[in-house]
1. Taking all protein chains in place and a 1.4 Å probe, what share, in percent, of the accessible surface of region 214-297 do carbon and sulfur account for?
2. Provide the gained length on full extension for the span E428 to I137, in nm with one decimal, where the gain is 0.36 nm per separating residue minus the Cα-Cα distance.
3. Where does the chain land at 222 nm, in deg cm²/dmol rounded to the nearest 500, when only DSSP H runs of n ≥ 4 count, each adding -39500 (n - 2.57), divided by all residues?
4. Considering only DSSP beta bridges with both partners in region 46-148, what is the antiparallel share in %, to the nearest 5?
5. What accessible area per residue, rounded to a whole number of Å², is obtained for region 28-178 using a probe radius of 1.4 Å?
6. Quote to one decimal, in nm, the extra length available between Q295 and A57 on full extension: 0.36 nm per residue of separation minus the C-alpha distance between them.
7. Would you please give the FRET efficiency between L89 and F465, computed as 1/(1 + (r/R0)^6) with r the Cβ-Cβ distance and R0 = 45 Å, to the nearest 0.05?
8. Considering only N123, V435, V72, whose Cα is most displaced toward the positive end of the charge dipole of the chain, charges sitting on Cβ of Lys, Arg (+1) and Asp, Glu (-1)?
Amino acid sequence: MAGLRARRGAAPGLLALSALGFCLMLQVSAKRPPKTPPCPPSCSCTRDTAFCVDSKAVPRNLPSEVISLTLVNAAFSEIHDGAFSHLPLLQFLLLNSNKFTLIGDNAFTGLSHLQYLSLANNNLQTLPRDIFRPLDILNDLDLRGNSLNCDCKVKWLVEWLAHTNTTVAPIYCASPPRFQEHKVQDLPLREFDCITTDFVLYQTLSFPAVSAEPFLYSSDLYLALAQPGVSACTILKWDYVERQLRDYDRIPAPSAVHCKPMVVDSQLYVVVAQLFGGSYIYHWDPNTTRFTKLQDIDPQRVRKPNDLEAFRIDGDWYFAVADSSKAGATSLYRWHQNGFYSHQALHPWHRDTDLEFVDGEGKPRLIVSSSSQAPVIYQWSRTQKQFVAQGEVTQVPDAQAVKHFRAGRDSYLCLSRYIGDSKILRWEGTRFSEVQALPSRGSLALQPFLVGGRRYLALGSDFSFTQIYQWDEGRQKFVRFQELAVQAPRAFCYMPAGDAQLLLAPSFKGQTLVYRHVVVDLSA
């Protein structure tokens, strides 16, 4: 029994020694450094450097302590976003003498310790905008030996080079020809014309229309559309929250060709011109929130209206109706107290198609175009309080539409023709002279308009796409800018709606399209 107790008493000591030995083994194991990942087959590695040749990708299994990485003759052409984020301690990155053609926007993200970057002797033609911005302490950058295309995509680099503290070896342009062999650091920023524009489809109104007239009433923006197909003048309201045109109201008009809104003494009126059934003037009643008929327009005087113009002269409101019937006459109406009254008959028997009011140099004028003779210019006589014929635009014997614009000190007329070229004329002091002819077979509508200092001309056709032209200030001419797929447009209307600059294209055969003018920075 005593021997048994002795053997049992010895067991705790042995267990303690075993436990102590195990703990010592754990401590030794804990002090052993982690195993270094193997160096990729294409690389030569030390503890903190890696030199790689013919790599098929940026090596991933490198020690995180690597501070210097060199890639030469890499077997890949793109550096993707975050390609080096697994090496946050990198200080030197040499990517020279490869065939890189594309670098991701965020290729160097996470390299906050990078001091030296070499991208020399690659096939780089451009660089992502602000790619070096995350490299806060970058001291040296080498971009020599690339084929940089010094277009708008490089403008940011020119700006960055002018302000950075990083030392950058001289870089030269390979293209375009005017910059070839020029030093990028020396390129003047004014040489980069990087802002362009575009008209993009913004909203589709699922109905045809033949005229469009925006107007402001009680601080809200509206649009009046003549829609003979649905027998109405449709009023749309601009929704500033949804940034869309919304249905608002309708005025009955079985054969409407023009719906002209006028705000007179804070009261809203809409002149509804119709081919058949007479023309009318409606008044908006804010108490009943509806349009009510105010008066008829003499059907013997206005038989077949084609266009309406509203304007003020010496504080008085007028509207003129172009009549396209053989027996009718273009007529002028004047607002007086509680209605519009016939004021003057103009240009009888000439099948007038369009009107343009011009108030320049203190001399109000009305230009009347006709399919049967040259446009006629009327000038307002303040003594007679009437328009008096001043002359004809003899260069264009038949014009479907007439519009005007000013560029600098010069005044121009735009005249569209259904057969033959449309014309751009400039006023020379005593007569108009032709400055440009625009192909326009089948044209019934054209409209010059100004957006943020840029002048455009929309020219529609029944047989081809709508052409948008832009005014070239240096050449003093319109140059072709863009095509819009609008079927048989009958008008064009520019409408600023908050920060949205819109071009409306009412179509006789299809949907009414709303385009938005957008500004594009090609250097972005």
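The values are calculated or read from the model by the stated rules, or taken from the named source; none is laboratory data. Note that the coordinates shown come from a computational prediction; the quantities given were computed from them, not determined experimentally. Every residue, glycine as well, gets a Cβ built from its backbone with ideal geometry; the counts of neighbours run over all protein chains shown. The protein model used for the area step is the full one, side chains on, heavy atoms only, and it has no ligands, DNA or RNA in it. Shrake-Rupley method; radii C 1.70, N 1.55, O 1.52, S 1.80 Å.
1. Details: 1860 of 3810 Å².
The nonpolar share, carbon plus sulfur, comes to 49 percent.
2. Numbers: separation 291, 0.36 × 291 = 104.76 nm, distance 6.27 nm.
In short, 98.5 nm is gained.
3. -2500 deg cm²/dmol
4. Numbers: 0 of 16 bridges.
The antiparallel fraction comes to roughly 0 percent.
5. Values: 7900 Å² over 151 residues.
For region 28-178, the solvent-accessible area averages 52 Å² per residue.
6. In short, 77.6 nm is gained.
7. On the way: r = 59 Å, r/R0 = 1.30.
It comes to 0.15.
8. V72
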